[in-house]
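Working notes for the structure below.
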Protein chains: 8
Amino acid sequence: MSQPLVSIIMGSDSDWEVMQQAAIVLQQFAIPFEADIVSAHRTPEKMFAYAQTAHQRGIKVIIAGAGGAAHLPGMVAAISPLPVIGVPVKSTQSLDGWDSVLSILQMPSGVPVATVALNNARNAGILAAQILGCNDQEILQKVQQYKERLSNEVIQKAQQFQQKFTSR
Amino acid sequence: MSQPLVSIIMGSDSDWEVMQQAAIVLQQFAIPFEADIVSAHRTPEKMFAYAQTAHQRGIKVIIAGAGGAAHLPGMVAAISPLPVIGVPVKSTQSLDGWDSVLSILQMPSGVPVATVALNNARNAGILAAQILGCNDQEILQKVQQYKERLSNEVIQKAQQFQQKFTSR
Amino acid sequence: MSQPLVSIIMGSDSDWEVMQQAAIVLQQFAIPFEADIVSAHRTPEKMFAYAQTAHQRGIKVIIAGAGGAAHLPGMVAAISPLPVIGVPVKSTQSLDGWDSVLSILQMPSGVPVATVALNNARNAGILAAQILGCNDQEILQKVQQYKERLSNEVIQKAQQFQQKFTSR
Amino acid sequence: MSQPLVSIIMGSDSDWEVMQQAAIVLQQFAIPFEADIVSAHRTPEKMFAYAQTAHQRGIKVIIAGAGGAAHLPGMVAAISPLPVIGVPVKSTQSLDGWDSVLSILQMPSGVPVATVALNNARNAGILAAQILGCNDQEILQKVQQYKERLSNEVIQKAQQFQQKFTSR
Amino acid sequence: MSQPLVSIIMGSDSDWEVMQQAAIVLQQFAIPFEADIVSAHRTPEKMFAYAQTAHQRGIKVIIAGAGGAAHLPGMVAAISPLPVIGVPVKSTQSLDGWDSVLSILQMPSGVPVATVALNNARNAGILAAQILGCNDQEILQKVQQYKERLSNEVIQKAQQFQQKFTSR
Amino acid sequence: MSQPLVSIIMGSDSDWEVMQQAAIVLQQFAIPFEADIVSAHRTPEKMFAYAQTAHQRGIKVIIAGAGGAAHLPGMVAAISPLPVIGVPVKSTQSLDGWDSVLSILQMPSGVPVATVALNNARNAGILAAQILGCNDQEILQKVQQYKERLSNEVIQKAQQFQQKFTSR
Amino acid sequence: MSQPLVSIIMGSDSDWEVMQQAAIVLQQFAIPFEADIVSAHRTPEKMFAYAQTAHQRGIKVIIAGAGGAAHLPGMVAAISPLPVIGVPVKSTQSLDGWDSVLSILQMPSGVPVATVALNNARNAGILAAQILGCNDQEILQKVQQYKERLSNEVIQKAQQFQQKFTSR
Amino acid sequence: MSQPLVSIIMGSDSDWEVMQQAAIVLQQFAIPFEADIVSAHRTPEKMFAYAQTAHQRGIKVIIAGAGGAAHLPGMVAAISPLPVIGVPVKSTQSLDGWDSVLSILQMPSGVPVATVALNNARNAGILAAQILGCNDQEILQKVQQYKERLSNEVIQKAQQFQQKFTSR
């Protein structure tokens, strides 16, 4: 596999069920990526080392998912110069996901995290592609094709719906 | 002025008070940008035309700020292939900003908006710089210098605090 | 079927389970209607064309349902001169429906959406009938009969309850 | 003054500061209207009589504003066959307006209230015009002109903004 | 059965599953009561007549349960001079019960509703007994005995817990 | 002064600004009452003694106001057999009053607190009068007169409003 | 068993399912503890006696769990000089746990409760160990070893994840 | 000054207005302490070094205050074996303090933060004293005296209140 451009990290292996949607999207876009488990709270030293070196290893964008008092995206964004996409994960212990959302979104001035919707790792993958597409015409075209495919899917479903609906 | 790479748009000129923080950051990073008022609700056709052509005009990243039922960032993200950074603005009529946050953050699968904290246009500017820095070593270095400056400011303030604190 | 007066649209075919309650009510009132899938985020051009022409096709009232960061009702209201009834749908990914409610309800000055309760497409159908009833004595009478039927149902259930309750 | 078509009611005279925005809009549209203070909690008999007879007096649309545990819009909608537009008012004693919003919006099946944004009586006025416009080409055209005026205002402000912005 | 002193009403027969807990408590206290289905929204005339006459029929306390935009307790309190205990019911369509709680609790000055916890009709029954106990030594004693029984149950469970816990 | 029937307690003297509204209402109803500062958290022994003996001193109803994690109403309700009316006070340190509301309202089964709206001590006073009115025709009549006065005030304000409104 | 240093109490035996996680942690740290059921609302006298004497019996730290309008941790903290750790329990009747959290966390000045996350009794146990570790090098070392074990577990899971991930 | 036992840190010097209340309490208890500005997001390396060494420098308890997406208390708790008391600070940019509260309170299993009420640094100071009091009879007695002083203050205020109240 070629040099990964996107790095997907998550606080716990149980987050993979949500986070793999980012991986699936990146595969569709043929963007090389890596994935790892890095916990801000249980492996702070690994997190620190990871964030300090990611850009030196050729990583361009980081996708970080976490739940509850979710500090992983924000801490990585504090240490790394790379853009960090945060995915709030709705864990079983969380307050309906509000804790995950607020502790990732409400970062102080100076340290942004590009936050996507609760559990929406798929959007994190698309956003990573769009970021890389800023300087890569091929990826930008794939993003446009992706949008067209989305549009066509809806139009097709609308046609199927019309057939059922009008034949009531 | 050279070709703008970042485009800052907002739903109303009253949002400029918040949104100009993004402009200030981009000036600090010497990244050329443009700014305009585009309302999804009151100028839908301008919004549509804007979003369809922004990438053709050389724009790389869009920063969109709006308040209340804030549809501007999401609609632009629906139409344009570019990465869109959303700034929830706490307007006087909003429900303490919760409406702005949720209507920008909770985008459906397929159409991400990179959401930053409520009113935090400064972070939108930094994030835009980080996105451009993916393929621009000079900007990446500026981001790193910016982080160092932030760090130094805190360390200096900590020293001043220590002097006052220990001389109580 | 005669010229539809009400148009029911929704962002995804999965919303039909909720939205068909509007259709059922309109059938009960013998008000001709159409239904379609129109996504603000995935088919923005179709949405735009739909909203620009609905009133030209003889549509009098639009019912639009969507979930999460729900932009469909507000964007159609921005483009069409017709009254738009918004149905917040509680989708699986939403933050307990709060995002759907706030992104439909909290529209800025100038562009109202007539919002009904979460998932309550049935009320959207009744409201559409009431709007048409403003200038149609027959529909107005049907609305009054509907209210009487609701009342009679409750009174009948109260009688059944009394029989069970007093024979304890 | 000619026969009023819209009736604006509110639970307290202190709500007039918010509710008069509906009156101003209706005047702009030259739609005759009445206004009165009707409290569901303090004058329930007046409220009852009002709701039972409004449609007999030629009223076509009711706009009802209330705050806190706001029962006026819902109770009038329970009694009258007319469409009722509810304006949640953020009163000083309310829980940041959430009580006003939820007790107007979340009406049970069978009794809709067309709810607009918190304190947004102006949108209630526009919505009333749109409802009347369903069968009145003149009002429909005024709605379209209103939208164009909104659009032109934004475009003008955008031009002024550009002049200031580019001459920095 | 003797003259009922407490009247339990609810907006829908589906609320009985929650509201019967009030009935069970009143039976335990041997306080005569009645129960009925009265909907503020679907049978406003019955509600009005009920509230105007309850105190004339010898009722001393009203317990009213409702969900969503719950207007029954507040409207009955607006019309009747009797103390009204409100039970917010968490219905399937409600926003996690917040709408039920706020539209019952946040009554304006002049018209109180004695609100108990979400779905806690049992507490409504106890509160009704306490209210009647103000001038009835026998009921007051029963309330005291009820509290002792609660206390003894906990103490017994604590002993059982200790046996299991220490024999681990 | 005659034997007090109602006892108003609050956790801090700063709560008196809110709580005195209950006193004013009771004076209007000529119901003798006492008032005191009793803190569940800072004077637990006084609170305990107070709650154990209030009914022995002839008190019939307790009104307890507190803010933040407000335990006073619930703890007094746990100890005393009397009905306890809880007034959630919005203190400067509270989370917009939500903490006050929830820690008073959401009492467990067996120990009700009759909760009124945030800061609405006036309603607590009226509710106390209604409770005493259950067995006191004179107070019941005063409650009815109070309601009539409220109604007349609104009707008078409505007339004044009409004069201003029609003479625009 | 030796003198217990930590005392775990809870309002109901149904809370044990959550609270036993504290017990399991204390056993892992070999810290002697006791556990009991003490209800602030149903056994206020036992609660009072418990809180007054706990420190006299050699207890050093109290862990108190409760749900809904949860007064147990705060009342024990009001009476006892010992540090009290509060565990908000999400009970079936609670408003999604928000009531439990706010009525434990938002204690007034002068009476702190060391609150941990919703249902997270395990963290209460660890915190108790850390508190005892302030003056007990052996426990402090166990806390450090515990953290290392957590870290190793994550690192191991990360390795397993890598194996699965790279062999896709 | 003698060896500090408590360390107060905060993310920004603007937090000192809130956090100094902890310092004032510790001075009252004559507990030696230090204070410093340590930002998890802007000085991550200083934070890391601080947390790794605090217990080696003789610190027994850490008090950490931060606002917004507040990661300082949780990250220090992740690295240090010492008990960490978290103070959620309501900053101007925060969502009414909910972000501060949830991102400090909702820590995952294994890494507790002893959270106190919003802005309540005074309680953090008292809790630190109670923690040290576990093994220091002198401090424990001071805590007890502090509680008595709180109680006496309330009793005195109650007497003053009675004088004013009875002489009305």
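Relative to the longest principal axis of the C-alpha atoms of chain B, give the angle of the C-alpha long axis of helix B:137-166, reported between 0 and 90° and rounded to the nearest 10°. Once rounded, the angle reads 40 degrees. The spacing between the range C:8-65 and the range G:40-67, judged by their C-alpha centroids, is 61 Å. Placing unit charges on the Cβ atoms only, positive for Lys and Arg and negative for Asp and Glu, gives the protein assembly as shown a dipole magnitude near 0 debye about its Cα centre. The two copies B and D are related by a rotation, and the chain B beta carbon nearest its axis, with distance in whole angstrom, is B:Asp96, 4.
When the Cα positions of G:Trp98, G:Ile8, G:Asn135 are compared along the charge dipole of the range G:6-136, G:Asn135 comes out farthest toward the positive end, with charges on each C-beta of Lys, Arg, Asp and Glu. For the protein assembly as shown, the ratio of Cα radius of gyration to the globular rule of thumb 2.2 N^0.38 Å stands at 0.92.
Counted by Cβ distance under 13 Å from B:Ala54, the other residues give a net charge of +1, where Lys and Arg count +1 and Asp and Glu count -1.
Accessible area per residue for chain F, computed on protein heavy atoms with a 1.4 Å probe, is 33 Å².
Counting only DSSP H runs of at least 4 residues, each contributing -39500 (n - 2.57), and dividing by the residue count of chain F, the helix-based mean residue ellipticity at 222 nm comes to -15500 deg cm²/dmol.
Any idea what angle helix D:44-53 forms with the longest principal axis of chain D, computed on alpha-carbon atoms, 0 to 90 degrees, nearest 10? For D:44-53 against chain D, the angle is about 70 degrees.
A Gaussian network model of chain F, with springs between Cα atoms under 10 Å, assigns the largest mean-square fluctuation among F:Ser12, F:Ser39, F:Ser109 to F:Ser109. Solvent-accessible area of the range E:6-136 (1.4 angstrom probe, protein heavy atoms only): carbon and sulfur portion equals 44 percent. Placing dummy labels 7 Å off each Cα toward the beta-carbon, the span from E:Ile155 to B:Arg168 is 4.9 nm. For the range A:65-168, the direction-averaged projected area of the alpha-carbon convex hull comes to 9.4 nm².
Each DSSP beta bridge with both residues in the protein assembly as shown is either parallel or antiparallel, and the antiparallel ones are about 5%.
For the residue pairs B:Lys46/D:Lys147; B:Lys142/H:Lys90; A:Lys142/C:Lys46; G:Lys147/H:Lys60; B:Lys60/B:Lys147, the alpha carbons lie more than 25 Å apart in B:Lys142/H:Lys90. Considering the range E:6-136 at the alpha-carbon level, its Rg and Dmax are found to be 13.2, 41 Å. For the range G:80-119, just say rounded, prolate or oblate: build the C-alpha gyration tensor, square-root its eigenvalues into a ≥ b ≥ c, call rounded for a/c under 1.5, and beyond that prolate if a/b exceeds b/c, oblate if not. Prolate.
With the simple model of a label 7 Å out from the Cα in the direction of the Cβ, A:Glu148 to E:Ala49 spans 6.8 nm.
When chain B is treated as a Gaussian network with alpha carbon springs shorter than 10 Å, the biggest mean-square fluctuation among B:Ala70, B:Ala51, B:Ala23 belongs to B:Ala51. Normalised by the number of residues in chain B, the mean separation of alpha-carbon contacts (under 8 Å, six or more apart) gives a relative contact order of 22 percent. Among E:Ile85, E:Ile31, E:Ile63, the largest mean-square fluctuation in a Gaussian network model of chain E, built with springs joining Cα atoms closer than 10 Å, belongs to E:Ile31.
DSSP beta bridges fully contained in the range G:6-136 are about 0 percent antiparallel.
Rounded to the nearest 20, the size of the Cβ-charge dipole of the range C:6-136 about its Cα centre is 200 debye, with Lys and Arg at +1 and Asp and Glu at -1.
The values are calculated or read from the model by the stated rules, or taken from the named source; none is laboratory data. All figures in this text were calculated on a predicted structure; none of them were measured in a lab. Cβ sites come from the backbone with ideal geometry, for glycine too, and all protein chains shown count toward neighbours. Each accessible area value is taken on the protein alone, full model and side chains, heavy atoms only, with ligands, DNA and RNA left out. Shrake-Rupley method; radii C 1.70, N 1.55, O 1.52, S 1.80 Å.
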